[in-house]
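Heads up, the thing below is written out as structure tokens.
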Amino acid sequence: MLIRFGVSAGEFKAIVDSVYAHAGSEYLSAQGERVTFSRLAVITGINRSFLPAILAAPQDEFRPRSRTQLHRAARVLTGWHDDASFQTRTGAPAVLDVHGRRKSFRQLAHRYSGGVYYQTLLSELIRVGAVQKVGLNRVRALRRSPSSGGADADSLLDAGETAGDLLATLEHNLTTRAREQLPVRSLAVNVDADSLPLFRAQLAKRADGLLEVMDAFLQGHRSARTAKRFTAQRPAKEITLGATVFALQRGVAPGSVPPRRAPRG
């Protein structure tokens, strides 16, 4: 998924480091321990010298420690859009010759790709639709990102929150007694692939019905109402409860393109 959306291994490492550093700090505080860079380095495995900069940044900002960790194709496209050497007079990405020593894609790749052969990079950018050939020997940038994605920031945030909720539930169940665990149910059966449209419709309909029932129950137990039943000596405790229903699919969906084989060697 990260490759599909143009996230490099270096960028992912920056995300992991940030999450680990902040989570480690919260964990030590919850344990009543003093938070120090040395102790964080021990429990997270992150080099102590990197921790001050990581923790100084907001938790939702992830900065690779160097530009070489960025997605190479993204670096080239960013240079194409931001470097005046490869722009028109109005500041738009210029149509570039593939070859040549001045204002060419070859020169652009040499400056921003970090050593990747320019023809290999160009083929990949054309394949994903970020670059378009113009005639025999010229190319045009179509977008700033290697991936069109089909997703925006809000949908990615929703996906992350849903995945986070699922992982939090599984973590809760792994660390509590059986009677305190939250319900988790899963079903997977090998079926005819042609049944997918009907399955999708059936599950969506039943999921809506279940969530309506759960919503009515939770609305009847909202914290504002619950708080009235407690005295000042026994204040109400507030938690968030909810449910998520999602479909499970293993294998290639009908009409989709199967993954290509990994290169040899």
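Within segment 183-211, track down each residue that is over 26 Å from the mean Cα position of the chain (by Cα), under 17 Å from GLY242 (Cβ atoms) and outside any helix (DSSP H, G or I). Once the filter is applied, which keeps residues that are over 26 Å from the mean Cα position of the chain (by Cα), under 17 Å from GLY242 (Cβ atoms) and outside any helix (DSSP H, G or I), segment 183-211 yields only PRO183.
When you look at ALA84, is it of a type outside the set (Val, Ile, Thr), at pLDDT 90 or above and exposed (fewer than 14 other Cβ atoms within 10 Å of the Cβ), yes or no?
On the way: of a type outside the set (Val, Ile, Thr): yes; at pLDDT 90 or above: yes; exposed (fewer than 14 other Cβ atoms within 10 Å of the Cβ): yes.
Against the criterion (of a type outside the set (Val, Ile, Thr), at pLDDT 90 or above and exposed (fewer than 14 other Cβ atoms within 10 Å of the Cβ)), ALA84 qualifies.
Take the residues of segment 119-130 that are touching a residue at least 12 places away in the same chain (Cβ under 8 Å) and either small (Gly, Ala, Ser) or part of a strand (DSSP E or B) (or both): which is surrounded by the fewest Cβ atoms within 10 Å (Cβ to Cβ)? Once the filter is applied, the top-ranked residue is GLY129. Scanning segment 71-96 for residues that are over 22 Å from LEU2 (Cβ atoms) and of a type in the set (Lys, Arg) turns up just one, ARG89. Of the listed requirements (1) at pLDDT below 90; (2) more than 22 Å from the chain's Cα centre (by Cα); (3) of a type in the set (Ser, Thr, Tyr), THR175 misses just one: (1).
Return yes or no: is GLY115 under 27 Å from the mean Cα position of the chain (by Cα) and at pLDDT below 90? So GLY115 fits the description; yes. VAL116 fulfils the conditions (1) surrounded by 12 or more Cβ atoms within 10 Å (Cβ to Cβ); (2) β-branched (Val, Ile, Thr); (3) without any contact (Cβ under 8 Å) to a residue 40 or more places away in the chain except for a single criterion, (3). Filtered by the rule that a residue be within 11 Å of ARG140 (Cα to Cα) and without any contact (Cβ under 8 Å) to a residue 40 or more places away in the chain, segment 93-103 gives a lone residue, ALA94. When every residue of segment 152-169 is checked against the conditions, none turns out to be modelled with pLDDT under 90, surrounded by 13 or more Cβ atoms within 10 Å (Cβ to Cβ) and not in a helix (DSSP H, G or I).
The values are calculated or read from the model by the stated rules, or taken from the named source; none is laboratory data. Keep in mind the model is a prediction, meaning the values are calculated, not measured. Because the Cβ atoms are built from the backbone with ideal geometry, glycine has one as well, and the counts that use them run over all protein chains shown.
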